[in-house]
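The values are calculated or read from the model by the stated rules, or taken from the named source; none is laboratory data. Everything quoted here is computed from the prediction, not taken from an experiment. So basically every Cβ, Gly included, is an ideal-geometry build from the backbone, and we count neighbours across all protein chains shown.
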Amino acid sequence: QQTRATDYLHRYALDELPEVLAVLLPGQAYILIGHSDGGSIALLHAAQRPPLLQAIVTEAAHVFVEPVTLEGIRVADRAYADGKLKGLQKYHGDKTEQIFKAWSDTWLTPAFADWNIEADLPRIACPALIMQGVDDQYGTPAQVDAIAAGIAKGDGPAAHKAMLPDCGHSPHQEQPQAVLDLMHDFILKRMAAAN
């Protein structure tokens, strides 16, 4: 069985990520950057208000399931079956199929259709930069709007939204300079506000 439990992102955010941070950055302040599922993990992690977390940056994070998300995954699933995504092996080696199918099969299960983490967002109290490509094949601007609105319901700073033109699901690959510029400005402002 390759399908993950519907709470797999919570498990990564609440159990695995803190263990990794404790080993890699023991006792150090950090800014968390996450893409796609990693962006959702960053949001869930930030909602726990870890004391050393200074800010989060998300790219193409999801907080609920949209029809466009599921259709994009179905398209990716067909492309994978047709051998069109062999480039993933560069990142995942002999675990490529296991990782890909765990992701696609989980998101396409009927049980995952109701997945939603919007209720967690008001607990985020650190600065947040929320980025997404205008042409993201897995999500609409409703994701960015929901994240910003959810964070605004809490007692932390407002989230900064950035929609990148001519960009799909991977802004760091499709618009790397724009992403670096946004992150640079965001982090500099965060550092200035902290001093």
Please list, ordered by first then second residue, the pairs with beta carbon atoms under 6 Å, 6 or more apart or interchain, first in region 84-103 and touching a residue at least 12 places away in the same chain (Cβ under 8 Å), second basic (K, R) and surrounded by 14 or more Cβ atoms within 10 Å (Cβ to Cβ). A102/R4
Name the one entry in Q89, Q54 that is in contact with a Cys (Cβ under 8 Å, 6 or more places away or on another chain) and not in a loop (DSSP other than H, G, I, E, B). Q54
Can you pull out every residue in region 73-86 that is of a type in the set (K, R) and either assigned to a helix (DSSP H, G or I) or surrounded by 11 or more Cβ atoms within 10 Å (Cβ to Cβ) (or both)? R74, R78, K86
Scanning region 100-124 residue by residue, the ones that are closer than 30 Å to F186 by Cβ and assigned to a helix (DSSP H, G or I) total 8
Given the options E59, E118, name the one that is over 17 Å from R11 (Cβ atoms), surrounded by fewer than 17 Cβ atoms within 10 Å (Cβ to Cβ), of a type outside the set (F, W, Y) and modelled with pLDDT of 95 or more. E118
Residues satisfying the stated conditions in region 12-51, i.e. part of a helix (DSSP H, G or I) and over 14 Å from the mean Cα position of the chain (by Cα): L14, D15, E16, P18, E19, V20, L21, A22, V23, L24
Complete set of residues in region 169-195 that are surrounded by 12 or more Cβ atoms within 10 Å (Cβ to Cβ) and either of a type in the set (F, W, Y) or closer than 28 Å to A76 by Cα (or both): H169, S170, P171, H172, Q173, E174, Q175, A178, V179, F186
For region 125-153, give me each residue that is touching a helix residue (DSSP H, G or I) at 6+ places or on another chain (Cβ under 7 Å) and in a helix (DSSP H, G or I). A146, I147, G150, I151
Can you list residue pairs whose Cβ atoms sit under 8 Å apart, with the first residue in region 2-30 being over 15 Å from I56 (Cβ atoms) and surrounded by fewer than 17 Cβ atoms within 10 Å (Cβ to Cβ) and the second being charged (D, E, K, R) and at pLDDT below 95? Count only pairs 6 or more apart in sequence or on different chains. Q2/K101; Q2/D105
Any idea how many residues of region 1-26 are in contact with a strand residue (DSSP E or B) (Cβ under 9 Å, 6 or more places away or on another chain) and β-branched (V, I, T)? 0
I need every pair where a residue in region 49-72 that is more than 21 Å from V23 (Cα to Cα) and touching a residue at least 24 places away in the same chain (Cβ under 8 Å) has its Cβ under 8 Å from the Cβ of a residue that is charged (D, E, K, R) and surrounded by 15 or more Cβ atoms within 10 Å (Cβ to Cβ), sequence separation at least 6 or different chains. A60/D136; H62/D37
